[in-house]
1. Could I have the simple spin-label model distance between residue 34 and residue 63, label points 7 Å from Cα toward Cβ, reported in nm to one decimal?
2. What does the extension gain come out to for residue 261 and residue 95, with contour length at 0.36 nm per residue minus their alpha carbon separation?
3. Taking the Cα centre of the chain as origin and charging only Cβ (+1 Lys, Arg; -1 Asp, Glu), how large is the dipole, in debye to the nearest 20?
4. Return the Rg/Rh ratio of region 1-155 with Cα-based radii and a Kirkwood Rh.
5. Taking the Cα centre of region 194-338 as the origin and placing charges on Cβ (Lys, Arg +1; Asp, Glu -1), which of 207, 287, 335 is farthest toward the positive end of the dipole?
6. ³J(HN,Hα) across region 68-74 via Karplus (A = 6.51, B = -1.76, C = 1.60, θ = phi - 60°), whole Hz, x for Gly/Pro?
7. Decide, for region 170-217, between rounded, prolate and oblate: order the square roots of the alpha carbon gyration tensor eigenvalues as a ≥ b ≥ c, take rounded if a/c falls under 1.5, and otherwise choose prolate if a/b is larger than b/c, else oblate.
8. Of all the accessible heavy-atom surface of region 304-437, with the other protein chains kept in place and a 1.4 Å probe, what percent is carbon and sulfur?
Amino acid sequence: MNQVYINQLSQHVGEEVTLKGWLYNLRSSGKLLFPQLRDGTGIVQCVVLKNGIAPEIWDALKSLGQESSLIVRGTVRADERAPGGYELDVSDAQVMQAAHDYPITPKEHGTEFLMDQRHLWIRSRRQHAILKVRHTIVKAVRNFLDNEDFTLCDAPIFTPAACEGTTTLFEVDYFGEDKAYLTQSGQLYNEACAAAFGKVYCFGPTFRAEKSKTRRHLTEFWMVEPEIAYATLDDVMNLCERFLSYIAARVLDERTEELKVLERDTTKLEAIVPPFPRLQYDDAVKLLQEGHERGEIETRFEWGGDFGAPDESFISSKYDKPLMVHRYPAAIKAFYMARDADRPELALGVDVLAPEGYGEVIGGGERATSLDFLREQIALHQLPEESFNWYLDLRRYGSTPHAGFGMGIERCTAWMCGIEHVRETIPFPRMLYRLKP
Ligand code: 4AD
Ligand code: MG
């Protein structure tokens, strides 16, 4: 049979091979048919000569609809003019299933329609390219952390308590007895694992009941979270820099073709190299206030507020690299954040803001170490202490400074791909108004 994949054709020039795939497009011209076949690894143009093939096969092929599944056999020919550089001269073909009226056609479709057809849309070139980039990012994340001797310790998805505030919790009925919530972040468990293994990460789906309908928010997204015992905020910022630079380099290296399909300006990705600019929250606020005075921003940003998407975009537009904003007011951050010793009203947290208006891709920082302080914070945030008793044990038994961060895979993918919306960066997105297919 000599079955090969389309991305291996260069190694089989002049040979007879079998390709298994789906019909991407079909053109005909008299006694010639030009079916384009895709197989998940690429697209190749096939050439069928009426006289070179059995009449019943010719008849079956000539009326075949887009996305019919078929197996073709033929000889590989190098052709500089062909997209991909190779063509297949077909000697035999077998139609597995003849499809008709494939709903996605080359004409423009609206996004809602395409989202409803997501199970088919992922076959399209652009969607395919985005998900290949995602795959490379996930692989790069794992390689980077594994190479640096982090241990993978995955956190549970059913959790008894909130990690990132109570307003975005998805509640699940857990056998009618206890309340359970879908995890917002594996961080608290990560902290336990870091005390056991030193350097750990968890990597899985996380959930936020976000009522916001923005291009950056999903209700289910994948987050990678490294956590390091004895690390500080500065250590985490250094790690973010190396981590994101590594990911960008892997994407540039492995996804050249896909970045072309996406028409990505790759110079933007080449610029992602250490060092990244670092800015205190105070100074970011000054930038916003100056922007207001110059009339570039309508309302004046007041110290103490949280940055909205337009604020983040404004601040990061001043830089062509990811920007690390640190030392936010503790009042707008999570209960577990450590405080700046000199200015206890500030949390030792950092947000990494991607350039080009992509906003926050990483959030993290140093964790509070004192048992009494955390108890106070848990009460202040009106969290139930009994659910956090196990977490407080980490401060009772060998408490140390430690730090970590979380990166959302979809936001990172949207940025690397240079695309508008996170909904295209995950095979089946879940959003405020989207639970199907
Ligand atoms: O800033 P966040 O909420 O931080 C945490 O959850 C920490 N516990 C992480 C840690 O320190 N271990 O979320 C981290 C990242 C954000 O920067 C963003 O990339 C992504 O998760 N994220 C979302 N992505 C898509 N849709 C949403 N609704 C997201 N919320 C957060
Ligand atoms: Mg955040």
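1. 2.4 nm
2. Working: separation 166, 0.36 × 166 = 59.76 nm, distance 2.89 nm.
Stretched fully, the residue 261-residue 95 segment lengthens by 56.9 nm.
3. Details: 50 positive and 65 negative charges, 268 e Å.
It comes to approximately 1280 debye.
4. On the way: Rg = 18.8 Å, Rh = 17.5 Å.
Radius of gyration over Kirkwood radius for region 1-155 works out to 1.07.
5. Farthest towards the positive pole: 207.
6. Per-residue couplings from phi come out as 5, 8, 7, 10, 10, 10, x Hz.
7. On the way: a/c = 3.80, a/b = 1.28, b/c = 2.96.
Oblate, since a/c reaches 1.5 and b/c is not below a/b.
8. Numbers: 2690 of 5230 Å².
Answer for region 304-437: carbon and sulfur cover 51 percent of the accessible area.
The values are calculated or read from the model by the stated rules, or taken from the named source; none is laboratory data. In this text, all values refer to a predicted model and were calculated from it rather than measured experimentally. FYI the Cβ positions are ideal-geometry reconstructions off the backbone, even for glycines, and counts take in every protein chain you see. Protein only, heavy atoms only, side chains kept; ligands, DNA and RNA dropped before computing areas. Shrake-Rupley method; radii C 1.70, N 1.55, O 1.52, S 1.80 Å.
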